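To start, the structure itself, in structure tokens.
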Number of protein chains: 2
Amino acid sequence: MNSQPPVPETSVLAVASHVVSGHVGNKIAIFVLQSLGCDAAALNTVQFSNHTGYGRVKGTKLAAQEITDLWDGLKQSHLDSFDMMLSGYVPGAAGVEAVGRIAKELKAGAASKPGSFFWVLDPVMGDNGKIYVAEDVVPAYQSLIHHADLILPNQFEAELLSGVGITDSASLERAIEVLHDTYNIPHIVITSVSLPIRSASQTPSSTRPTSPTQSQLPTMPTMSVVGSTRTSDHKPRLFTIQFPVFDAYFSGTGDMFAALMVVRMREAVAYSDIDSTQHTASWLSPDDVAPTDLPLARAAEKVLASMHEILARTCEQMPSALSAAITRLATRRGVGEDVVRAESETMHLLKSQAAELKLARNLGCLREPTIEYRAEKM
Amino acid sequence: MNSQPPVPETSVLAVASHVVSGHVGNKIAIFVLQSLGCDAAALNTVQFSNHTGYGRVKGTKLAAQEITDLWDGLKQSHLDSFDMMLSGYVPGAAGVEAVGRIAKELKAGAASKPGSFFWVLDPVMGDNGKIYVAEDVVPAYQSLIHHADLILPNQFEAELLSGVGITDSASLERAIEVLHDTYNIPHIVITSVSLPIRSASQTPSSTRPTSPTQSQLPTMPTMSVVGSTRTSDHKPRLFTIQFPVFDAYFSGTGDMFAALMVVRMREAVAYSDIDSTQHTASWLSPDDVAPTDLPLARAAEKVLASMHEILARTCEQMPSALSAAITRLATRRGVGEDVVRAESETMHLLKSQAAELKLARNLGCLREPTIEYRAEKM
């Protein structure tokens, strides 16, 4: 493993949830950022014992005023200088607005030096047709996103933000057009598209896969990310990356994706052939850069490569992790393992634990993944 | 850099402070633990904007009940199984007692399987003759330490815990005897001893250094750590490691030391020639193991090697980091750099920032340090 970090010195303010045990929110983002060489500040919006997928959780949330106080604390000690900001889960509309004020202040401070600040916003609101935050969080994000440089909604969040129901490729494109045009958002990646997306190379007469690796995709179900960096006249430059999905439910994948995007976007722009991009507001590429040559596409390829490797390792270890957890609990209680296996609520807890993303022992997957899934023009 | 972590799978519960910006408490411990391959749970006892050395800070502390609630949250989801625990700064005596109850529960749960749980306790109370916690924290620690497997006091904290004033080698030995015997503590490392400590090899007729590297020590001021693992009849096995100190004030070194000790102690015991140690309560070595052959001594050597490399890198970058911070602030305010340099309070803040430990870009120093300073029998 190369001991050199992949990015130049980069200070990132990460605002998201914290869990004592497990890997979601800032608990995963901070490790990803640090282990890839960023100096990461961690403003934790909640401290919970574990993620909510377990079904049981204890802990505390920060009030909007407490978020603002921590930011004021940074400012009064001159610790408020950041190259990038990543915002994830924030409890409540007032909290979202407080985080938005931080981003706007950082953006205003960087106005005289284009490209010196970049805000990656993960608008955590819901998934699969269901909103899991308070209703007023949606308009709070809608009034904020035009300040963001890159947003990372899932398919449902993209619908909420754009007001466009996504049912096919055409409506997906329309949603991205609205986000680029109405909200003026420079970069968009929709992180989990379950529609069949046809890449430009997949014409009716040419449906064969574009690489040997991608030829293996039909053996596993696939999903896509769809990304776009707008042109100077607010038109999309669309690309898609298809990747296989594992038959398991993981928490924290969105947070891992977002933190990796921060690093890989920085890397792609800093070491791009086109040096001017990093000194351009919002790191917008010149109009003649093709969709698949965008730094955003380069970054997303590397991000998905790391994600795939981490998820594969996690999947590999799940059966033994679950089995060990069952044995441990049965021994502690002095009962047979069959007793534990018969308790569905207990098994849900132990399965949730076994599905926690395995990062700490797989540093190589984060730092030097092998790119297998390539961006294609849509 | 080797991509294999140095320890077998190890789950650690780390209880300490959290800062948004900078590197102290859990902010440094969690990264150290994770980047060396441990699965680290982070129970943050405070969330402050920055460490208190800046002189200005905002944020919140957890009440003792909130600490207990988070622990109850872990228990109700069966996430309360840990191989090791590291406890650092806890605000107030009630908080210390709450953390003590967690450690005692973990210890009781592991009673039937000797060596399956190990508590590293950093009794954060003060330094250089000054207590910086509430007075009732001292008796709270005194009533807890006999449950710990390894304690990491500095010289002043060792005095507070043992009741022995440390003025020379003899009184230092006496303090360690009291901690081993009265409090039954298996392993002790006193982390910053500024007394001249004479190693066994330094008899009046033989004061030359024991290695070429150590011969360079006279060019820099030195300090020592002094460690001991007790024998079966509660006698000390004392060793010392002398190391050079940098002419700068760093925060978080104690927290980095403690987190590295967790990992390196686990490594030293897991991969020891004497396999039985890891299955012995408190990882006590057989009585015939010499002081300098103790896993504790092996671990401390590696810890100090990482510390020295990280501090050297931090020192190297301090002048440029300070200069960049001054330029940034002057530009933002639209004033000359001399204006900033003339403000002593501002300069204290910027110097504190420049002295933040540089970890994220120096992963190799954490994972594969070069051992230069060796343990010697006292």
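The numbers here are math on the coordinates, done by the rules we state, and not lab data. Keep in mind the model is a prediction, meaning the values are calculated, not measured. FYI the Cβ positions are ideal-geometry reconstructions off the backbone, even for glycines, and counts take in every protein chain you see.
Worth a mention:
- Anisotropy class of segment B:1-133 from Cα gyration tensor, a/c 1.5 cut: oblate
- Local net charge near B:Glu372, Cβ-Cβ under 10 Å (Lys/Arg +1, Asp/Glu -1): -1
- Within a Gaussian network of chain B (alpha carbon springs, distance under 10 Å), most fluctuating of B:Val137, B:Val335, B:Val99: B:Val335
- Karplus (6.51, -1.76, 1.60) ³J(HN,Hα), θ = phi - 60°, over segment B:285-301, in Hz, Gly and Pro reported as x: 6, x, 4, 7, 7, 6, x, 6, 9, 5, x, 4, 5, 4, 5, 4, 4
- Here the Debye sum runs over all C-alpha atoms of segment B:274-352 as equal scatterers in vacuum, and log10 of I(q)/I(0) at q = 0.15, 0.17, 0.27 Å⁻¹ comes out as -0.66, -0.75, -1.17.
- Average beta-carbon neighbours from other chains, 10 Å sphere, peptide A:325-337: 1
- Likely footprinting exposure, B:Asp338, A:Asp127, A:Asp136, fewest C-beta neighbours within 10 Å first: B:Asp338, A:Asp136, A:Asp127
- Histogram of C-alpha separations across segment B:298-343, 10 Å bin width, %: 25, 30, 20, 16, 9, 0
- Centroid-to-centroid, using Cα positions, segment A:155-205 and segment B:228-245 are 64 Å apart.
- Taking A:Leu329, A:Leu238, A:Leu311 in turn, the Gaussian network model of chain A (Cα-Cα springs below 10 Å) assigns the largest fluctuation to A:Leu329.
- For segment A:82-166, the alpha carbon convex hull comes to 85 Å³ per residue, rounded to a whole number.
- Segment A:279-378, dipole about Cα centre (Lys/Arg Cβ +1, Asp/Glu Cβ -1), debye to the nearest 20: 500 debye
- Partners for B:Lys302 among aspartates and glutamates (Cα-Cα distance below 18 Å; same-chain residues under 8 apart left out): B:Asp255, B:Glu267, B:Asp273, B:Asp293, B:Glu368, B:Glu372, B:Glu376
- Close amide H contacts of B:Tyr89 (hydrogens built in the peptide plane, cut-off under 5 Å, sequence separation of 5 or more or a different chain): B:Ser17.
- If R0 is taken as 30 Å, the Cβ-Cβ distance between B:Thr280 and A:Asp127 corresponds to a FRET efficiency of 0.05.
- Peptide B:108-121 has a mean of 0 when you count, residue by residue, the C-beta atoms of other protein chains within 10 Å of its C-beta.
- The alpha-carbon of A:Lys113 sits under 24 angstrom from the alpha-carbons of these lysines, leaving out residues fewer than 8 places away in its chain: A:Lys75, A:Lys104.
- Electrostatic bookkeeping for B:Ala148 treats Lys and Arg as +1 and Asp and Glu as -1; over the other residues with beta carbon under 12 Å from its beta carbon, the sum is 0.
- Proximal lysines to B:Lys235, defined as alpha-carbon separation beneath 22 angstrom and excluding residues fewer than eight positions away on the same chain: B:Lys377
- Relative packing of peptides B:3-9, B:156-162, B:243-249 - highest average C-beta neighbours within 10 Å first: B:156-162, B:3-9, B:243-249
- Alpha-carbon Rg/Rh ratio, for the protein assembly as shown, with Rh computed the Kirkwood way: 0.98
- Segment A:47-159, dipole about Cα centre (Lys/Arg Cβ +1, Asp/Glu Cβ -1), debye to the nearest 20: 200 debye
- Calculated P(r) of chain B - Cα pairs past 30 Å, %: 38 percent
- DSSP bridge pairs, the protein assembly as shown: antiparallel proportion in percent, nearest 5: 50 percent
- Backbone HN-Hα couplings from phi across segment A:106-119 [Karplus 6.51/-1.76/1.60, Hz, Gly and Pro as x]: 5, 5, 4, x, 9, 4, 7, 10, x, x, 8, 8, 9, 9
- Lys/Arg +1, Asp/Glu -1 at C-beta; segment A:1-106 dipole; positive extreme among A:Gly22, A:Ala93, A:Pro5: A:Gly22
- The charge dipole of the protein assembly as shown, taken about its Cα centre with unit charges on the Cβ of Lys, Arg, Asp and Glu (plus for the first two, minus for the last two), comes to roughly 280 debye.
- Projected-area mean, segment B:238-373, by convex hull of Cα positions, square nanometres: 10.2 nm²
- Shielding by partners for peptide B:39-50, expressed as the average number of C-beta atoms from other protein chains within 10 Å of each residue's C-beta, is 6.
- HN-Hα J in Hz across segment A:125-137 - Karplus 6.51, -1.76, 1.60, θ = phi - 60°, x for Gly and Pro: 9, x, 7, 6, x, 10, 7, 10, 10, 4, 4, 6, 6
- Förster radius 41 Å - calculated FRET efficiency between B:Ala134 and A:Ala108, Cβ distance, rounded to 0.05: 0.50
- Where chain A is rotated onto chain B, the residue of A whose Cβ comes nearest the axis, and that gap in whole Å, is A:Met1, 2.
- Considering only segment A:1-83, percent of DSSP beta bridges that pair antiparallel, nearest 5: 25 percent
- GNM flexibility winner over chain B from B:Gly227, B:Gly129, B:Gly100 (Cα, springs under 10 Å): B:Gly129
- A Förster radius of 60 Å, combined with the Cβ-Cβ distance separating B:Val245 from A:Ser171, puts the computed FRET efficiency at roughly 0.40.
- Span from the segment B:48-88 Cα centroid across to the segment A:314-378 one, whole angstrom: 25 Å
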